[in-house]
Structures are given as structure tokens and as C-alpha cells.
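The values are calculated or read from the model by the stated rules, or taken from the named source; none is laboratory data. The shown structure was predicted, so the numbers you read here are calculated from the model rather than taken from an experiment. Ideal geometry is used to build each Cβ from the backbone, glycine not excepted, and the neighbour counts take in all protein chains shown.
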Amino acid sequence: MRRSHTRSRVKTKPDKSSMDPVKFQIRSSNRSSSSSSSIYTLTKSNSKHAKSNLFLTAASIATVLGFLFVCYSILTSGRGSLRYSVVIDGGSTGTRIHVFGYRIESGKPVFEFRGANYASLKLHPGLSAFADDPEGASVALAELVEFARGRVPKGMWAETEVRLMATAGMRLLEVPVQEKILAVTRRVLRGSGFFFRDEWASVISGSDEGVYAWVVANFALGSLGGDPIKTTGIVELGGASAQVTFVSSEPVPSEFSRTVSFGNVSYNLYSHSFLHFGQNAAHEKLWGSLVSRDRNSAVEPTREGKHADPCAPKGYNLDTITQKHLTGFLAEESKLAASFQAVGNYSECRSAALSILQEGNDKCSYQHCSIGSTFTPKLQGRFLATENFFYTSKFFGLGEKSWLSNMISAGERFCGEDWSKLRVKDPSLEEEDLLRYCFSSAYIVSLLHDTLGVPLDDERVGFANQAGDDIPLDWALGAFILQTEASTSQHASSSHLRWFYALFGNDSQTLLYLIGVPVIMTVLVCLVSKWRKPQLKTIYDLEKGRYIVSRIR
Ligand SMILES: Nc1nc2c(ncn2[C@@H]2O[C@H](COP(=O)(O)OP(=O)(O)OP(=O)(O)O)[C@@H](O)[C@H]2O)c(=O)[nH]1
Ligand SMILES: [Ca+2]
């Protein structure tokens with residue numbers, strides 16, 4: 001197809017205003033025609049040229065800015081608004097609700113247990129107190145739900161999950177009674193306005209409770225997600241149960257073995273909850289053991305035919321508390337046979353506590369059993385002793401250093417003191433709470449030292465109820481951490497951001513360096529090359545029969 005011929009004179013100094021942005025002159029197809037020497041120039045107008053540069057510069061800057069904005073919005077997209085979660089701890093002595101606020105940053109939950117991000121409220125008694133009146137459990141629970149609704153914006157209730165997890169108090173009830181009480185809690189939580197499923201109200205295993213306590217302790221200490229050997233174990237003395245959870249290098253039978261994954265680290269834990277070995281439950285067992293001790297021993301009870309109680313300071317009237325706590329046949333027997341007499345003797349109290357801890361040892365079917373007939377590996381590494389370990393150490397004003405050996409002397413003084421003098425020293429405490437400190441001081445030493453083999457001056461075992469940045473060592477926080485971590489990573493792995501986090505992880509700097517810098521460099525090179533690129537003029541000289549390229553500027 002022949003090309004149309006257009007010709008025009010080439011102005012060597014084109015008038016900027018008149019020139020089209022780009023002007024093509026088509027070389028004649030017939031080389032031989034010398035008459036019409038035509039010159040073919042591809043010339044851009046300078047002014048047009050300047051404009052296109054300006055346009056390119058603006059476009060490039062806009063691209064870079066747009067790109068950086070995208071980066072920023074992706075990076076900060078994780079800084080979503082505050083989200084909420086609610087956990088209810090159904091303990092033996094009370095029910096406690098925890099309201100958590102948290103953010104998602106770079107696909108990971110960020111936990112802060114203070115200020116607007118955390119609130120909790122405990123109401124007495126515990127759910128297990130409603131064994132004979134399950135409906136009665138709804139009153140306190142409704143009040144706790146109201147507390148939570150006051151701390152979560154109404155617009156977020158529907159997406160705020162609420163879970164109720166009951167512990168030892170409920171584990172001690174028959175399953176049908178547990179189910180009746182849980183049915184009442186489910187009805188209340190269905191009507192709470194929060195996101196709830198029936199299966200989210202349950203009695204959790206003691207092993208779970210121990211794992212959750214271990215999680216929050218290591219989260220607070222900053223060791224969660226790090227080297228398993230550098231984690232801290234938990235030994236928790238609750239009201240109805242006691243938990244022991246730690247990373248054990250000893251082989252652990254499967255019934256005590258738990259694996260917890262956090263981040264990309266897996267922890268092989270020993271975790272067990274010793275039901276009936278919580279402090280309050282063990283104290284009740286003491287009275288039972290005193291009755292059976294006297295029944296089986298040749299030694300007569302005290303002169304007045306009473307059962308001598310070495311864990312009660314002299315002068316304390318035990319009748320009320322024993323009648324209140326001794327259930328079933330023991331109550332009858334103690335009423336019939338005799339009541340109890342406070343004789344206040346620390347070492348006898350400690351050996352009575354040991355006999356409670358060793359009940360069932362003869363039925364041990366493992367390599368070795370420490371508490372009852374249950375296997376416990378030798379404790380290794382650092383431990384935090386929480387709940388009653390903390391409350392009793394604090395009551396006696398013990399320091400962190402060698403608190404266990406000092407617990408013995410504190411208990412000897414307290415148990416050997418007259419009750420009337422103790423009452424004067426601490427008039428504000430409930431009598432029952434004050435009384436418990438004698439048994440508690442003996443039970444703690446008997447549990448940690450006589451049974452679990454912790455040396456009396458061992459600095460590796462500290463008592464605490466908070467750690468790190470004053471984070472409460474409450475297993476409910478550990479449950480929330482694991483639950484939120486799991487649901488967030490599940491969401492991130494299925495969301496459109498998967499490629500993003502997989503590629504860049506959480507290191508936002510990586511993102512900026514990996515993408516941002518090359519893009520900016522490319523744009524700058526384009527700009528500079530555009531700016532530096534010489535404007536060339538190509539002339540075809542018919543006489544010489546060749547192209548001549550010359551620079552305009
Ligand atoms: N001395 C003292 N003991 C406390 C205090 N608060 C709680 N306790 C005791 O600490 C133990 C554990 O407390 P919680 O975990 O709140 O009790 P709980 O959850 O109802 O009991 P469990 O179901 O066995 O965990 C119980 O024996 C309580 O009686 C306190 O302020 N002072
Ligand atoms: Ca508890």
C-alpha cells in the first residue's frame with residue numbers, strides 16, 4: 001500500500017506556538033528523485049516537550065504518592081478499631097466476668113490488659129452453690145452480663161464473643177446437675193446481645209485451666225512464642241483445685257501431656273489439675289481426716305472427746321465452721337462423736353496436710369506419684385506460685401526471697417498464737433478467712449516442699465498474682481489469648497491478605513523497602529532520563545545519501 005505523500009518545509013527554528021506537539025514528515029518513497037530534496041525530521045515542540053515532561057513528572061509523583069498511600073493503608077489496615085471479647089470464669093467461690101478489648105495489627109491481635117482494654121467483676125457465690133436451685137444462677141449472671149454490656153459499644157455486641165468456662169467447683173457436681181446450671185447460663189447468654197453459641201458455656205478440664213494459666217504467665221513474662229526451655233511453669237492453688245503446668249523434658253504420659261502452639265513455636269507441656277486439692281477443699285478434707293484418724297487410732301480424742309484440730313489456733317470455736325463445711329455422713333458423725341477442738345500446732349498441721357496430699361499414693365500406677373495417685377514429673381525451671389500461694393504469702397508479709405522457708409516460721413507463730421490475739425490484730429477479716437491462714441501456711445509447705453520437692457530456699461519458685469506489666473495471672477486471660485490468636489490467624493490465612501502476610505510477615509519495614517524503594521528508583525530514573533535525554537534531530541541528506549543526527553539541545 002503506497003503511503004500518501006505529504007511534504008512541508010522544515011523550519012530550523014520552529015516557532016514554538018505554531019508547532020503541533022509532534023510533526024511527521026514522510027520521506028519520499030523514490031530515492032532517486034533528487035529534485036525534491038526533502039528533509040525528514042522528527043521534531044518535538046520544545047514547549048510541547050516541556051508540557052509532556054511536566055505531565056510525566058506530575059504523573060510519576062502521583063504514582064509514588066499513590067503507591068505510598070496504598071502501602072500505608074495496607075500496613076495500617078491492621079490497626080483496625082478496638083474489638084472485644086468476653087470470658088466468664090465460673091469458679092468455686094465466685095463467678096468472674098472479664099471484658100477484653102484488642103486490636104488487629106498486621107494480621108495479629110495486640111493484647112493490652114489495662115485501661116479501656118480490660119475490665120473484670122466477680123460476684124459470689126460460685127455457680128456450684130446453685131446445685132439445689134439452678135435458676136438462682138441466672139441472677140448473678142445477668143448482673144455480670146450487664147457489667148459487660150456497659151463496657152462494649154452497643155454496635156459491637158453482635159460481633160463480641162462471650163464464653164463461660166466453669167472450673168473445679170462445677171467439676172465436683174454430678175454431670176446432670178452441672179447441665180441444669182449450664183442450661184440456665186446458656187439461656188441468659190443467648191439473651192445477652194453478644195455473639196454466643198450454646199457450646200461456649202461449658203465446664204473446662206483442669207488441664208485446660210492449667211494450660212491457660214501457663215499461657216497468660218508466659219505472655220506476661222514475654223516468653224510466650226520463645227524458647228520452650230526459657231518458659232516459666234505455673235503452680236496454682238485455687239479453692240477447689242490445684243494446677244501444675246510446665247514444659248517438662250521428662251517423658252509425660254499422654255493423659256497429662258498437652259501441646260500448645262503460639263506463633264510458630266510448639267510447647268510440650270505437663271498439665272494437670274488436682275481436683276479436691278484446692279485449699280478450701282483440702283481444708284474440708286482435713287476435718288474428715290481428723291475424724292477418721294481418731295476413729296482408727298487407739299489414741300482417745302481430746303479429754304472432752306473432741307477431735308483435736310492442729311490447724312486452728314487455740315480458743316477458736318470450730319463448731320460453726322465444721323458444721324457448715326462438713327457434708328454428708330461426716331457432719332452426722334462429728335455431731336454424734338464429738339466436735340472439734342482447736343489445739344493450734346503448726347508441725348502437726350503440716351503432717352496432717354501431708355497425709356491429705358498422700359491419700360491414694362498406694363494406688364499409684366506410674367513411675368512415681370507426688371499428689372494422691374497422680375504422676376507429676378520432677379519440677380524443672382522457674383515457677384510462679386499463684387492464687388492462694390500469693391494471698392497467704394502476702395498476708396504474712398513474706399518477701400520474694402526464700403519465702404517458702406519463711407512460710408514455716410510465719411505459720412508456727414500464727415498457728416501457735418491465741419485466737420483472741422489474732423482477732424485483735426486483724427479485726428476486719430472474716431473469721432473463716434483469718435482461720436484459714438494457719439492451715440494454708442502448712443498446706444503450702446507440705447504441697448511445694450514435702451510433696452513436689454521444691455527446696456525451702458529455692459529462688460526459682462516465686463509467688464505472684466500478676467506479672468510483666470501488672471498483667472493478672474488469671475487463666476481466663478490465657479483462654480482469651482489462645483482463642484483470639486487462633487481465630488485471627490485462621491481469618492488471616494483465609495483472607496485476601498494471606499499473600500500479603502505470607503510475603504511480608506509482620507515486618508512493615510520489609511514492605512516499604514521491598515516494594516517502595518524499587519518503584520521510587522524507577523520513577524526517578526525515568527524522570528532523570530527524560531530530563532537528561534537529548535533532543536535529537538535526524539536529517540536525511542539526499543546528496544550524501546545518509547542520515548545525519550544532530551542534537552537540538
Ligand atoms: N486470702 C485470700 N484468698 C483469696 C482472695 N481472693 C481469692 N482468694 C482465694 O483464692 C482461691 C482462688 O481464688 P479464685 O480462683 O478466685 O477462686 P475460684 O476460682 O472460685 O476457685 P477455683 O474454682 O478453685 O479456682 C480461693 O481459695 C479463694 O478463696 C483474697 O483476696 N484473699
Ligand atoms: Ca479459679
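One residue alone among 188, 203 is in contact with a helix residue (DSSP H, G or I) (Cβ under 9 Å, 6 or more places away or on another chain), more than 16 Å from ligand 2 (Cβ to nearest atom) and of a type outside the set (Gly, Ala, Ser), and that residue is 188.
Matching residues to (1) within 15 Å of ligand 1 (Cβ to nearest atom); (2) within 26 Å of residue 436 (Cβ to Cβ); (3) surrounded by fewer than 18 Cβ atoms within 10 Å (Cβ to Cβ):
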| residue | (1), (2), (3) |
| --- | --- |
| 193 | no, no, yes |
| 196 | no, no, no |
| 205 | yes, no, yes |
| 213 | yes, yes, no |
| 220 | no, no, no |
| 226 | no, no, yes |
| 243 | yes, yes, no |
| 247 | no, no, no |
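The number of residues in region 421-467 that are part of a helix (DSSP H, G or I) and under 29 Å from residue 166 (Cα atoms) comes to 19.
On inspection, residue 202 does not qualify as over 16 Å from residue 462 (Cα atoms), modelled with pLDDT under 95 and either out of contact with any strand residue (DSSP E or B) (no Cβ under 6 Å at 6 or more places or on another chain) or part of a strand (DSSP E or B) (or both). For region 85-110, residues that are under 19 Å from residue 471 (Cα atoms) and in contact (Cβ under 8 Å) with a residue 60 or more places away in the chain total 10. Criterion applied to 460, 423, 413 was being charged (D, E, K, R), more than 16 Å from ligand 2 (Cβ to nearest atom) and touching a Lys or Arg at 6+ places or on another chain (Cβ under 7 Å), and the one residue passing it is 460. Would you confirm whether or not region 134-144 contains a residue that is within 11 Å of ligand 1 (Cβ to nearest atom) and either in contact (Cβ under 8 Å) with a residue 12 or more places away in the chain or crowded, with 22+ Cβ neighbours inside 10 Å (or both)? Checked region 134-144: no residue is within 11 Å of ligand 1 (Cβ to nearest atom) and either in contact (Cβ under 8 Å) with a residue 12 or more places away in the chain or crowded, with 22+ Cβ neighbours inside 10 Å (or both).
Kindly indicate whether any position in region 468-478 is assigned to a helix (DSSP H, G or I), within 18 Å of the chain's Cα centre (by Cα) and not small (Gly, Ala, Ser). Yes: region 468-478 contains one or more residues that are assigned to a helix (DSSP H, G or I), within 18 Å of the chain's Cα centre (by Cα) and not small (Gly, Ala, Ser). Put simply, of 310, 301 the only residue that is at pLDDT 80 or above and crowded, with 19+ Cβ neighbours inside 10 Å is 310.
Only residues that are over 18 Å from residue 311 (Cβ atoms) and either within 16 Å of ligand 1 (Cβ to nearest atom) or without any contact (Cβ under 8 Å) to a residue 40 or more places away in the chain (or both) were counted across region 394-414, and they come to 6.
Quick check on my filter: what residues within region 242-278 are within 16 Å of ligand 2 (Cβ to nearest atom) and in contact with a Phe, Trp or Tyr (Cβ under 6 Å, 6 or more places away or on another chain)? Once the filter is applied, which keeps residues that are within 16 Å of ligand 2 (Cβ to nearest atom) and in contact with a Phe, Trp or Tyr (Cβ under 6 Å, 6 or more places away or on another chain), region 242-278 yields 242, 245, 272.
Would you pick out the residues in region 445-471 that are over 24 Å from residue 282 (Cβ atoms), crowded, with 19+ Cβ neighbours inside 10 Å and not β-branched (Val, Ile, Thr)? Answer for region 445-471, where residues must be over 24 Å from residue 282 (Cβ atoms), crowded, with 19+ Cβ neighbours inside 10 Å and not β-branched (Val, Ile, Thr): just 467.
Filtering region 252-298 to residues that are at pLDDT 90 or above and either of a type in the set (S, T, N, Q) or touching a Cys at 6+ places or on another chain (Cβ under 8 Å) (or both) leaves 254, 257, 259, 261, 266, 268, 271, 273, 279, 280, 283, 286. Scanning region 228-241 for residues that are surrounded by fewer than 24 Cβ atoms within 10 Å (Cβ to Cβ) and within 16 Å of ligand 2 (Cβ to nearest atom) yields one hit, 239.
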